[in-house]
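Here the structure comes first, spelled out in structure tokens, and everything after it is commentary.
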Amino acid sequence: MDLQDVMKLLELMEARHLEEIEVEQGETRIRLRKGGAPPVVVPIAAAPAAAANPQAVPAASDAEKAAEANLVKITSPMVGTFYRAASPDAEPFINEGDHVTPDQVICIIEAMKVMNEIKAEREGDVVSILIENGESVEFGQPMVTIRRTGTAR
């Protein structure tokens, strides 16, 4: 395995948003790992409601607007399999209604037999878990909705 092969592996990691990759070729074995890339957190944008009669649609109250502004969706930073717990018989990392801190693991995404812990990166309360345990996730797919209660990182 030469430098060009290593560069191709690095490009593959970047293109597939992988945190770690390990390749064996004959007696040569190489493992590449990125250092602590945070998950992508995207605020929810409200879609404008289409109405035939705009006067019939009540305007959102200031309280509703403030509540919606505090919601964020944690999206998958990679393609893989979503797991709510560290093992099949373990308790889930989070449940709806739980309070999470920025460094708290909320799920694991398995990609190429590597288990990647995904952290909340926000303080808040879990509003909903959008993926079922063991389901496939795509890059950028929303996984968890959190209502922020503290400052963002």
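Read the figures in this text as sums done on the coordinates, not as results from a lab. The model shown is predicted, which means the values in this text are computed figures rather than measured ones. Neighbour counts run over all protein chains shown; Cβ positions are idealised from the backbone, glycine included.
When only the Cβ of Lys, Arg, Asp and Glu is charged (+1, +1, -1, -1), the dipole of the stretch 70-153 relative to its Cα centre reaches about 340 debye. Legend: calculated FRET efficiency, Ala90 to Lys113, from the Cβ-Cβ distance at R0 = 22 Å, rounded to 0.05, equals 0.70.
Taking a spot 7 Å from the Cα of Lys34 along the direction of its beta carbon, which residues of the stretch 115-137 have an amide N less than 14 Å from it? Only 116-119 fall inside the zone, counting backbone N under 14 Å.
Calculate, for Glu138 and Gln104, the FRET efficiency according to 1/(1 + (r/R0)^6) with r their C-beta to C-beta distance and R0 35 Å; round to the nearest 0.05. Intermediate values should be presented prior to the final figure.
On the way: r = 23 Å, r/R0 = 0.67.
Efficiency for this residue pair is about 0.90.
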